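See below for the structure under consideration.
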Amino acid sequence: MSAPAAPNGVVARAHPFTPLVASLSVILLAFLLPAPVGPLVLAALLALSTLILGDPRALVPAAWLAIPFWVLLFLLHALLGEGEKFIFAPLTLSVSGTAIALTQSARLTAIIVASVLVIRGFRPGRFVDAALMAGWPWSMAYLTAATLNTINRFQERAIRVQDAMRSRGLRVRGSLLTRAHAFVPLALPLMLGALHEVDERTFALATRQVRAEYARRTPLHPPDDTVLDRAVRVGAVVAVICAILWRLLW
């Protein structure tokens, strides 16, 4: 399985369950916190935390994913929205539409940053060992790890396919028309390779009787579940519960 993109970051060194619980909490908080201030503050804190956690490069793919949503939502809601208007520089914007654009964009940005951090710091082997220590069935632990690691493996395979096709004279950069022509020659071997890998792994797992109920796997290097990891997970859950109670009571 592929190595993490940020092996020295805090997310990669933490207990595997901690980033997953934190990211799920971020997703819930993005919709539970009062709009638009809550999602904006959450997104800003995540961006700042990315720098502190030792993985500033995660902001690059996160920005590429989030910026189109900011532009699209701004055009649809703030610029073309109805209702009361206000003047911002040379633009006339909708008050309610601007609030909606800021809220939705901040929510998506928070979710994207949290997801990118988890994917870049994910270590399949450590997750499987942690799941086995927690009493998970081996097949469930492996399937969960393989699913979370799919994006990294697809990225690695896509780079290899692209390099191979470029060495054969295929143009993969340039105008949109050039990129469209290169899509099928790149996507077909990528998908066929993925299906072939799934078949190989299925056969390998079947020969090792991973679904045998009597077999209990022993983790080789179980990660340490430190006090800080447990505190972060408990804090994330408590924050979600407090946000739910706030929405219900107020």
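The values are calculated or read from the model by the stated rules, or taken from the named source; none is laboratory data. Source: prediction; values computed, not measured. No Cβ is skipped: glycine too gets one built from the backbone with ideal geometry, and neighbour counts run over all protein chains shown.
Checked against (1) surrounded by 16 or more Cβ atoms within 10 Å (Cβ to Cβ); (2) part of a helix (DSSP H, G or I), residue 57 passes all but a single condition, namely (1).
Is it the case that the range 174-187 has a residue that's in contact (Cβ under 8 Å) with a residue 24 or more places away in the chain, in a helix (DSSP H, G or I) and not assigned by TED's automatic domain parsing to the domain that holds residue 61? Yes, because at least one residue in the range 174-187 is in contact (Cβ under 8 Å) with a residue 24 or more places away in the chain, in a helix (DSSP H, G or I) and not assigned by TED's automatic domain parsing to the domain that holds residue 61. Looking at the range 113-122, can you tell me whether even one residue there is in contact (Cβ under 8 Å) with a residue 24 or more places away in the chain, of a type in the set (Lys, Arg) and buried (at least 22 other Cβ atoms within 10 Å of the Cβ)? Yes, that holds for at least one residue.
Scanning the range 214-235 for residues that are in a loop (DSSP other than H, G, I, E, B) and at pLDDT 75 or above, we see that the one that is farthest from residue 19 (Cα to Cα) is 221.
In the range 126-149, the count of residues that are touching a Pro at 6+ places or on another chain (Cβ under 6 Å) and basic (Lys, Arg) is one or more. Scanning the range 148-167 for residues that are of a type in the set (Phe, Trp, Tyr), closer than 16 Å to residue 188 by Cβ and in the same structural domain as residue 192 (by TED's automatic domain parsing) turns up at least one hit. Just one of the listed residues (87, 100) is exposed (fewer than 13 other Cβ atoms within 10 Å of the Cβ) and either within 30 Å of residue 11 (Cα to Cα) or assigned by TED's automatic domain parsing to the domain that holds residue 26 (or both), and it is 87.
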